[in-house]
Amino acid sequence: KIDVEVCDSMGRSHQLGTTQLDFNLPQRFDLKYAERARDSLSQSDVHRPIMIHRAILGSIERSIGILTEHFDGGKKWPLWLSPRQVMVVPISKYQFEYASKVQHVFQFPEIFQTDQELYDAEEVDFNKCSLIDGAFSDVPGFYCDVDLTDNKLEKKIRNAQQSYYNFILVVGREEEESG
């Protein structure tokens with residue numbers, strides 16, 4: 001029997017994964033297999049199999065619970081696991097369009113990798129556009145939101161912080177002009 005045990009943030013030990021050899025269930029279910037005879041005159045030998053039980057994560061609920069606890073209740077998820085990876089915050093309403101374009105660049109990175117130009121997502125026909133040949137194959141995007149509310153900049157940033165985004169990108173006129 002091989003067990004994988006991890007410690008939670010309080011130092012308690014939990015068993016997650018396991019691999020075991022089971023000799024009882026094959027007997028209980030009267031499982032048998034016949035070894036192929038080496039020649040046509042020999043009798044085949046009957047054997048009882050050994051079962052292998054494997055649970056890589058153990059209970060999914062327990063694994064998610066330990067992960068959530070380890071990352072401070074989901075407040076500090078690593079980027080690869082975070083449901084809120086990037087928030088784009090425009091400084092004013094004049095950068096709403098640019099902020100939306102930045103959002104789409106993060107969501108679909110392979111589509112927009114041509115001469116550092118940004119394309120409006122409404123103008124991209126995802127079925128016909130040559131920019132997306134091979135897109136979505138190996139390049140994953142990010143979970144990216146954009147705050148297009150009328151709130152002040154400080155309030156937008158605070159809301160993103162309280163929502164525990166991994167990255168908060170503030171974009172303004174200078175970023176728009178420099179591309």
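The values are calculated or read from the model by the stated rules, or taken from the named source; none is laboratory data. Note that the structure is a prediction, hence the values are computed from the model and not measured. Reconstructed Cβ throughout: ideal geometry from the backbone, glycine too, with neighbour counts over all protein chains shown.
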Open item on the list: Just to be sure I understand, how many residues within the range 71-95 are surrounded by 14 or more Cβ atoms within 10 Å (Cβ to Cβ) and over 17 Å from the mean Cα position of the chain (by Cα)?
Closed with: 6
Open item on the list: Which numbered condition in (1) closer than 30 Å to residue 103 by Cβ; (2) in a helix (DSSP H, G or I); (3) at pLDDT 85 or above is the only one that residue 73 fails?
Closed with: (3)
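Each row is one residue, and each column tells you yes or no for (1) over 27 Å from residue 164 (Cβ atoms); (2) in contact with a Phe, Trp or Tyr (Cβ under 7 Å, 6 or more places away or on another chain).
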site: 10; (1), (2): no, no
site: 29; (1), (2): yes, no
site: 35; (1), (2): yes, no
site: 46; (1), (2): yes, no
site: 50; (1), (2): yes, yes
site: 68; (1), (2): no, no
site: 72; (1), (2): no, no
site: 77; (1), (2): no, yes
site: 84; (1), (2): no, yes
Task: Residues of the range 120-147 classified as more than 16 Å from residue 105 (Cβ to Cβ) and at pLDDT 75 or above, total - done: 1
Open item on the list: When you scan the range 98-111, do you find a residue that is in contact with a Cys (Cβ under 8 Å, 6 or more places away or on another chain) and farther than 14 Å from residue 143 by Cα, even just one?
Closed with: yes
TODO: For the range 49-57, state whether one or more residues are more than 42 Å from the chain's Cα centre (by Cα), farther than 30 Å from residue 79 by Cα and exposed (fewer than 10 other Cβ atoms within 10 Å of the Cβ).
DONE: no
Task: Residue, modelled with the highest pLDDT, within the range 17-60, restricted to residues that are outside any loop (DSSP other than H, G, I, E, B), closer than 30 Å to residue 71 by Cα and in contact with a Ser or Thr (Cβ under 6 Å, 6 or more places away or on another chain) - done: 54
- [ ] Starting from the range 71-91, keep only residues that are at positive phi, then list their pairs with residues that are at pLDDT below 95 and polar (S, T, N, Q) whose Cβ atoms are within a distance under 9 Å, requiring at least 6 positions of separation or different chains.
- [x] 72/9; 74/68; 74/82
